[in-house]
Each structure stands twice: as structure tokens, then as C-alpha cells.
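So the structure is just underneath, and the comments pick up after that.
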Ligand SMILES: Cc1cc2nc3c(=O)[nH]c(=O)nc-3n(C[C@H](O)[C@H](O)[C@H](O)COP(=O)(O)OP(=O)(O)OC[C@H]3O[C@@H](n4cnc5c(N)ncnc54)[C@H](O)[C@@H]3O)c2cc1C
């Protein structure tokens, strides 16, 4: 079933994020009963929870996290949470497949079983050999589902390879999941495809809650033996000049109008934000930015998640080009400029002062993170 989506606030990857803390603090029953109180525990210390053990699972759900430098990402934790949704509905077990140098406690993340595989070096990407090995594992264990992360790290490449080899139509960009229904984001967020969960699912961040509470057993199974890597040399990620990303594809655009005069500050801000650069026609006419950066009726029609307009008046021809932007921030010396009416956040200020201040702030936040 395909249904049109109402425009709604998006978290990182396009879904409304539930508030797990408030849900936890509600009267929901715990996932597993607490073990006997630990002697000598100091007041306020959380009691240790007995591990959840699923001895004879009635189904196996395989989760394959992407990892970042050997650690589970937030998306990976949501992915394992999504696997739990499918497994728990059938008294099944979640089996996490991870490289041997994965440093995280996979039981706390929700794994009942763990299968490791060796890699030549941390972070080595081995889709060509991992995909057939995973299919062999899934067949041996008659796994009901295989779940992969549909995130920025590998773009869901491994999951798509597995689905192609299996000849199944995967559920991609899954934003919400129950035992009977996978909701998939389609047509850049404008509609949703709802279907029964197929064998291969590619999960977006926020699709399910990360597992908290009692750890799962994380029982190690025998190592996954990978075949010989074909003659493909992974040269690693390609550096992309984000400011040059085609405007129609950009998720974040920093745009300049005639109110911008400090061009070095403008380029620094776009680079610090990792945003594409856009402009009004006046700016392109004056040659400050190339014509392919022009946004509006006679330029590009864009629909990023965020649009930051510096010193742009908001003429109708320009506003036509940003009608579908999700969030607009405008900085303008004139509070009555039409762009300020269009903006979700309007800042009455000199663009030349806001741009370096924002660049500094983002730089500080990045260093703190
Ligand atoms: C057929 C046609 C097609 C067109 N197509 C397009 C199009 O595709 N795209 C497009 O953009 N335009 C297009 N235009 C032009 C459009 O009508 C406007 O002229 C243009 O968008 C204005 O650009 P601007 O907002 O940068 O400049 P201005 O209208 O000059 O506005 C500059 C803004 O900067 C503010 N400002 C000044 N100094 C500062 C400061 N120090 N700090 C902060 N703010 C400051 C001012 O208050 C003002 O709001 C088209 C026009 C026609 C006739």
C-alpha cells in the first residue's frame, strides 16, 4: 500500500522520534525482572539485571550493523532494536553479525547470539564476500529476516546486495516497524509504502527503540568464514566538495543574496556546515557565484531539509524555488523582507556578522562532540 505522507518534522533520517526516556519512565513493564539485589550496592546505583536468555528460539532474526571504527552507531542500536521487534513477536532470537574487532557489548545492545568474522583491518568493507557468507548463514539457520542499516556509512549497500542475490524485493528506508508492518519512506519523504516485513529490511535511524534494560545473552556461535576477496580494491570513501553538490540533491543549502558582501565568510560557513552553496539571481548576475547556483523560478527548484538565506529579500521568483524547503532560516537587515515572512526562524541582523559567528559556533560544537 502506498500512502501520501503529511509534511512532518523529521529527525536525522526522516522520522518523528519517540521519546524513549519518557516511555521508560512511564509504567511500562521492564524487559526482564531484576536479579537479586547486589550486596554492597550503593544507594542510587542501578540494580544489575539478569540477562535475557532465549534457549530454543522459534525464529532467528539476523542484524548486521554498519559500525563506525569498531563501535555501534546510534543507527546500529536502533537496527538491533528493530530486529528485536520481529524476534520478540515470535519468541525468536536476534543474531548480530559483527567483525571480530567490534568493541561494544552486543548483549547490552540486544543480541541473543553473535557471529563474528575476521577482517584484514578495522573498518575494512567487504561486501562482495560478506553478502554470500550472510546468505549461507541465513539459510543454515533458516533465519526469518535479515536487517541492515540504511544509513550514511555504507548507504545500505550490503543489504541491497544480499536482497539482489536472494532475488527478494527488500523493504528500504524503513522508518517504522511492527511484526506485521514495515513502513518505508519513498519519493524523498513525500509518500510511504506500507507492506508486510519481507525477508530483507534496510532500517533508518529512529525506526525502533534501541534496547535498554536487561542485557541479552550474546552467545557466541562459530565464526563466519569469508571467501576470498575478489580483485576489487577499496580505495575508501571519496572526498566530495559538498559546496558543489547539485542543488537539487542537497540536504542543506546556505544561500546568499545581494546583502552578502563578505564572500570569504560565506564560503567558510558553507564548508563548516558541509552545505551546498546557493544564491539569488542578483548574486549570479554579479558573478559572485556560478549560474548553476541560482535558486528560483529561472534557476534550481530545491527541497533541502534546511535552507539558510543570508541577505535575500525573498522576491516571488526566488520564493518559487524554495517552496518545498523543510526549514528556512533567514538573516536579513530588514525585518519586513518577504523572506523573513517565509522563514521558520528570522534573524534581524547584518549577514556579515552572523556568518562568522555561526561558523565559530559550529566549529566549537564539532570540537566538543
Ligand atoms: C523573469 C524573472 C525571473 C527571475 N528569476 C529569479 C530566480 O530564479 N532567482 C532569483 O533569486 N531571482 C530571480 N529573479 C529576480 C528577483 O525578482 C529579484 O530581483 C532577486 O531575487 C533579488 O535578489 P536578492 O534578494 O539577492 O537582492 P535584493 O532584492 O537586492 O535584496 C537584498 C536583501 O538583502 C538585505 N540586506 C542588505 N544588506 C544586508 C546585510 N548587511 N545583512 C543582511 N541583509 C542585508 C536587504 O534587506 C534585502 O532584503 C527573476 C526576475 C525575473 C523578472
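Values quoted throughout were computed directly from the atomic coordinates according to the rules given, and no laboratory measurement underlies them. This one's a predicted model, so the numbers in the text were calculated from it and none came from an experiment. Using ideal geometry, Cβ is built from the backbone for each residue, glycine included, and neighbour counts are taken over all protein chains shown.
At a glance:
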read-out: Surface/4 of the Cα convex hull for the range 150-280, nm²; value: 13.6
read-out: Highest to lowest packing among 220-226, 332-338, 173-179, scored as the average C-beta count within 10 Å; value: 173-179, 332-338, 220-226
read-out: Descending Cα extents along the principal axes, the range 259-311, whole Å; value: 28, 27, 17
read-out: Ranked packing of 102-115, 155-168, most packed first, by mean Cβ within 10 Å; value: 102-115, 155-168
read-out: Full-stretch length increase - residue 196, residue 219 - with 0.36 nm per residue and alpha-carbon distance subtracted; value: 5.3 nm
read-out: Kirkwood Rh, Cα atoms: Rg over Rh of the range 58-117; value: 0.95
read-out: Relative contact order computed over the range 242-361 (Cα-Cα under 8 Å; 6+ residues apart), in percent; value: 25
read-out: Sorted largest first, extent of the range 80-217 alpha carbons per principal axis (Å); value: 41, 35, 28
read-out: Where labels lie 7 Å past Cα in the beta-carbon direction, separation of residue 288 and residue 301 in nm; value: 2.6
read-out: Calculated log₁₀ intensity ratio I(q)/I(0) where the Debye formula runs over C-alpha points of the range 242-361, q = 0.12 Å⁻¹; value: -0.33
